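Some notes on the structure that comes next.
What follows draws every value from the coordinates through simple rules; no lab data is involved. Note that the coordinates shown come from a computational prediction; the quantities given were computed from them, not determined experimentally. Note that we place each Cβ from the backbone using ideal geometry, even for glycine, and neighbour counts take in every protein chain shown.
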2 protein chains.
Amino acid sequence: MKIDPRHLEILAAIVDNGGLTEGAEALGKSQPSISRTLSQLESRIGAPLFHPGRRPLKATELGLSLAAQGRSVLEATRVAGQIVDRYRTGHTGLVRVAGTPVFMDGVVAGIIARFQQHMPDVLVEQSYGYADALIDRLRNATLDLAIIPLQQGQVPDDLRFQPILPGLNVIACRNGHPLLRRKSITLSDISQYSWIAPPTNSPLYRDLQRALAKIGAKDFRINFSGGSLASVVSILAGSDSLTVLPYSVVFEMKNQNQISALTLEIGHPDRMLGVLSKETPDKNPAGERFKSFVISQFESLSRRINQHRQEQLWR
Amino acid sequence: MKIDPRHLEILAAIVDNGGLTEGAEALGKSQPSISRTLSQLESRIGAPLFHPGRRPLKATELGLSLAAQGRSVLEATRVAGQIVDRYRTGHTGLVRVAGTPVFMDGVVAGIIARFQQHMPDVLVEQSYGYADALIDRLRNATLDLAIIPLQQGQVPDDLRFQPILPGLNVIACRNGHPLLRRKSITLSDISQYSWIAPPTNSPLYRDLQRALAKIGAKDFRINFSGGSLASVVSILAGSDSLTVLPYSVVFEMKNQNQISALTLEIGHPDRMLGVLSKETPDKNPAGERFKSFVISQFESLSRRINQHRQEQLWR
DNA sequence: CATCTATATAACATCATGTTATGAAAATAG
DNA sequence: CTATTTTCATAACATGATGTTATATAGATG
């Protein structure tokens, strides 16, 4: 015999709360509703679930057995409700985030780590890519958030770009690099060192070219190209090579005492690092929560960077 | 958020059976019904439970979590249905049975033991009483079955009496009693032994009086009165006293080699031992099952008694 | 690309569930 | 024992969910 699980819930509520009135209260329903459901259930089963005429209500053996099952149903729905609530408040779910490799490794990875300390049940799925590909993925809903440098004019109408940091690049070198001891750096100082180049299709590579053009270096040696941030940093730290990195990345890595930035103006690209997402986001509470966390973390990073630069100026 | 347990059941069925169609089949409902319930649930939750557009259907993480709860609901309702089914088929429940003390102890207790070997989950609540009290209890539904000796004329209209055994009484004595060696027994043989009397308000006591009157004994000594069957038998076995017992009781006890019956005609009361119950029984499947078991056991007892008596005649 | 199969939608009937108002009965107090 | 209070049952009605069949649509498959 198939029994409606809601009837079992109601039975459990009556038994566990000691009466129709209390049971109805506990379920947030009216007492007559509960009363009728109970009679209905009893007549279907063909046996009393409570000893008739006795008050306070005392369940029969059968009533008690069924109430035990009702308790189990109640617990399952409670847990289910909790799962949904956690999902809707973004405490659970899946966030798919992507960005340019160097930013993801150098800055965003740390932000994700901090996010997961608060939201351990959110699964963050990270991947890499550049603007065009990520815009496609945002559009076909295989990505929730892109963290990329972008020019304001490049932002499509159906997407929303929230800029965070100016696209500030620096020349990076190992800690203790000879150039760091110079008060002022000339082109000839630089030209004796070779360069580590980012992947040629990356914005950073174009930045490198632009930076070198700006400071007048026509002829430069590249002794390493491609590779993720970790390899770049390793090579940088173990040699006197130079490279171009976003300042934020160098800033975040300064605790590790491996690399530093030359105080040489190389001109900023006309871009902002920012968060790109759908104008009308698909409902993904965890994604929304992650997005605002990322933005707040970037704001905090931005403040720390500005503060640091001011301190540098004071010297 | 409160979630309908039936929706969880449906979700679990879809996930576990690999599709809407199969899930609908498993639940015995139509596919469109399931389909709509699913969309409803998804729109209420505000998130897809299945990855859209992929066939075969693949549940999201959220969908899987909720389906797990649905499985638990499904299991609870399954168990509940089973509990009800067992109740309705009389495999579970409560049977309240009562009867005259000597019969209950001497015959019915054994029947109950055999019943419980087949139906271990039926709780049998046994009590003692005589006709009037038991009739009252049957009427106010505090008793399911009375097993008592009754005259046909005494049966109330609202009750049903199913006679089983004739009210045959015998004079009982210990095994090896001197009287058992006599070919024929006279009044003076008997009068030298004293009597064990049942409780004075019992039918058996009146039977004793009638029996003694029948055989002409006006003056008899009673050296024990009251007590349950167990004490009566103990005293009987340890002395040369006599008493009156239903033949069926003595018959059932003959394996124990403690007591025997004198082959002395003492006249039967105008009663039948039988099963008394409501004409229109309150729905108690276990009670019905027990009742028919009792009747069949009595019939078997009746056959064995008759067979035994025939064998005695042949000697 | 055509066909097949599975899912979604439409339209409709009905039953269960919810409500409030009120009656009946058991328990409790005086 | 009677009066009061509490608790459960019933009535009457509105509505929403669930079920049905028929049919359209969209992935999957050859």
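Points worth noting:
- Crossing angle, helix B:203-214 versus chain B [Cα axis fit, 0-90 degrees, rounded to tens]: 20 degrees
- Around the amide H of residue A:127, modelled in the peptide plane, lie the amide H atoms of A:97, A:98, A:99, all under 5 Å away and 5 or more residues distant in sequence or on another chain.
- For segment B:159-195, chymotrypsin sites (Phe, Trp or Tyr not before Pro) meeting the loop criterion (DSSP other than H, G, I, E, B) and having at most 16 other Cβ atoms within 10 Å: none.
- Between segment B:237-315 and segment B:11-58, the Cα center-to-center distance that results, in Å: 63 Å
- In straight-distance terms, cross-link reach from residue B:2 covers every one of the lysines whose alpha-carbon lies under 18 Å from its own, apart from those fewer than eight places away in the same chain; here that gives A:29.
- If R0 is taken as 30 Å, the Cβ-Cβ distance between residue B:175 and residue B:116 corresponds to a FRET efficiency of 0.50.
- In this structure the amide hydrogen of residue B:50, modeled in the peptide plane, comes within under 5 Å of the amide hydrogens of B:60, none closer than 5 places in sequence on its chain.
- DSSP loop GluC sites (Glu not before Pro) with at most 13 other Cβ within 10 Å excluded, longest remaining stretch of chain A: A:1-264
- Nearest-to-axis residue of chain A, judged by beta-carbon position, where the axis maps A onto B, in Å: A:5, 2
- Between copies, residue B:254 shows label-point distances of 11.1 nm, shortest first, with the point placed 7 angstrom from Cα along Cα to C-beta.
- Sequence-separation-based contact order of chain B, relative, with Cα cut under 8 Å and 6+ spacing, percent: 22 percent
- In segment A:99-257, Cα pairs under 8 Å separated by at least six residues give a relative contact order of 32 percent.
- Top of B:46, B:93, B:110 by mean-square fluctuation, Gaussian network on chain B, Cα under 10 Å: B:46
- Phi-based couplings in Hz for segment A:290-306 (Karplus 6.51, -1.76, 1.60; Gly and Pro marked x): 5, 4, 5, 5, 4, 4, 5, 5, 5, 4, 4, 4, 4, 4, 5, 5, 4
- Peptide B:61-71 has a mean shielding of 4, counted as Cβ atoms of other protein chains within 10 Å of each residue's Cβ.
- Position residue A:139, label points 7 Å along Cα→Cβ, spacing to each other copy in nm (shortest first, one decimal): 8.8
- Crossing angle, helix A:109-118 versus chain A [Cα axis fit, 0-90 degrees, rounded to tens]: 20 degrees
- The protein assembly as shown: calculated mean residue ellipticity at 222 nm from DSSP helix runs of at least 4, using -39500 (n - 2.57): -14500 deg cm²/dmol
- Among the residues of A:280-292, the average count of other protein chain beta-carbon atoms within 10 Å of the residue beta-carbon is 1.
- Sorted shortest first, the distances from the residue B:234 label point to those of the same residue in the other copies are 9.3 nm; each point sits 7 Å from Cα along Cα-to-Cβ.
- Structural descriptor for segment A:208-315: relative contact order 26 percent, calculated from alpha carbon pairs under 8 angstrom and at least 6 residues apart.
- Folded to 0 to 90 degrees: helix B:5-17 orientation relative to chain B principal axis, Cα: 70 degrees
- At R0 = 56 Å, FRET efficiency that the Cβ-Cβ distance of residue A:308 and residue B:40 yields, to 0.05: 0.55
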